[in-house]
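Undergrad: Sharing a structure below in structure tokens format, with a few things to ask.
Every number here is computed from the coordinates shown, using simple stated rules; none is lab data. Bear in mind the structure is a predicted one, so any value in this text is a computation, not a measurement. Note: ideal-geometry Cβ built from the backbone for every residue, glycine included; neighbour counts use all protein chains shown.
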Amino acid sequence: MNMGISMNKIKEFLTTEKNNLKVERKEKESNIYRCELNIASIDDAIKKLELQVDNTINVFKPADKNESDEMREIRLLKERRDSLQKDIDVMKKRVVIIDNRLDKIGEVDKEVPLYDVNGYKMLSIRESERQRIARDIHDSVVQKMTALIHKSEFVQMVMDSDSQRAKLELEVINKTMRECIDELRDIIYDLRPMALDDVGFKTTLSRYINQCESQTDMNITIDMEDLDESFVDDVIGLSVFRIIQELTSNSIKYSEGNNINISVSSDNNEIVINHKDDGKGYDDDAVNRDNREKHNSGFGLAIIKERVKLLNGVIDCSHDSGTCNIIRIPCVSHTEEESNE
């Protein structure tokens, strides 16, 4: 077996194992948080019930008399609380084990040499994107859904005794569910804009540029008159969209300019993207570093270059007066393919 391939497989296994452990750790932390919320709710319910209980009954009641409904409910709640606390203790021990395993994997990973630099780089970028998506879902939707479980359990507890409070909590639940749906739609849009399939490349890109212009003081123009959409298949279309999305976002964030001019054209069996702003220019490495440090959800300059490379394209970037990126991606018109067949 080729040593380089063997080392890469080890690297890939370590990366997969590390990511799986991180996902499990986040799940444990989320479950611990949920259990702690439930314990807090149970403690509140026990306090309310204890205030309702007439302690003098315990002094004068016959020895063979069954416990009151309130006392029985308090006993059941305490049993539930103890069970949840045991679950928390077990999960915390598992988190410690995961942390120790992650440390050991990190030590081994440093010792494994890297042979196929380009292949590992692409794998690393891909895993980073997956981690970002997982982090976005966990930090937004999962946390809100966990809170919804807590609120729905609370509504069940107060529905009979305080219907007005239950209605208010249901309104909050409804609002939070709508926020979760919106956030999931944003995440799906980041993966693939559905409009590309529904209305086509030109309309989708024009809508995106109009949306960007409404959210910034910069003037953004786009010219696609010389673009033949028969050159734009699913892979090319999504790649070009992502490239323009990232470049435009970076110009808005870093250029401090007033204008962004974009053109997309097709010529000599290739698609040409010309993206230029009139700002101060910005350093690609600094942008990549800023994205990593801030965990930005941007597509990333590094993966843009890798994507263009995989499509056998080229990038020409200059920072003389503002930032100008000219990207050429070879392609073949679908009408030409059909005629050749």
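Undergrad: Mind checking the full-extension length gain between residue 17 and residue 258? Use 0.36 nm per residue of separation minus the Cα-Cα distance, one decimal, nm.
TA: Residue separation times 0.36 nm, minus the Cα-Cα distance, leaves 82.1 nm.
Undergrad: Would you please give the FRET efficiency between residue 142 and residue 86, computed as 1/(1 + (r/R0)^6) with r the Cβ-Cβ distance and R0 = 22 Å, to the nearest 0.05?
TA: That gives a FRET efficiency of 0.40.
Undergrad: While we're on this one: Between residue 111 and residue 44, what is the label-point separation in nm under the 7 Å Cα-to-beta-carbon projection?
TA: Once both label points are built, they end up 5.1 nm from each other.
Undergrad: Let me ask something additional. How long is the gain from residue 225 to residue 210 if the chain were fully straight, where each residue apart is worth 0.36 nm and the alpha carbon distance is subtracted?
TA: Stretched fully, the residue 225-residue 210 segment lengthens by 3.7 nm.
Undergrad: State, to one decimal in nm, how far the label point of residue 79 lies from the label point of residue 174, with both points 7 Å from Cα in the Cβ direction.
TA: 3.8
Undergrad: Under a plain spin-label model, where a point goes 7 Å from the Cα along Cα-to-Cβ, how far apart in nm are residue 199 and residue 72?
TA: 6.2
Undergrad: Given the pairs 18/276; 48/167; 47/167; 18/78; 22/202; 22/144, which are separated by over 29 angstrom at their Cα positions?
TA: From 18/276; 48/167; 47/167; 18/78; 22/202; 22/144, over 29 Å: 18/276; 18/78; 22/202.
Undergrad: Taking a spot 7 Å from the Cα of residue 97 along the direction of its beta carbon, which residues of segment 11-34 have an amide N less than 19 Å from it?
TA: From segment 11-34, the list is 17-33.
Undergrad: Under the 0.36 nm per residue contour assumption, what length would be gained going from the current alpha-carbon distance of residue 319 and residue 235 to full extension?
TA: Fully extending the segment from residue 319 to residue 235 adds 27.4 nm.
Undergrad: Can I ask one more? Got a sec? How would 159, 218 order by Cβ neighbour count within 10 Å, fewest to most?
TA: Going from sparsest to densest Cβ surroundings: 159, 218.
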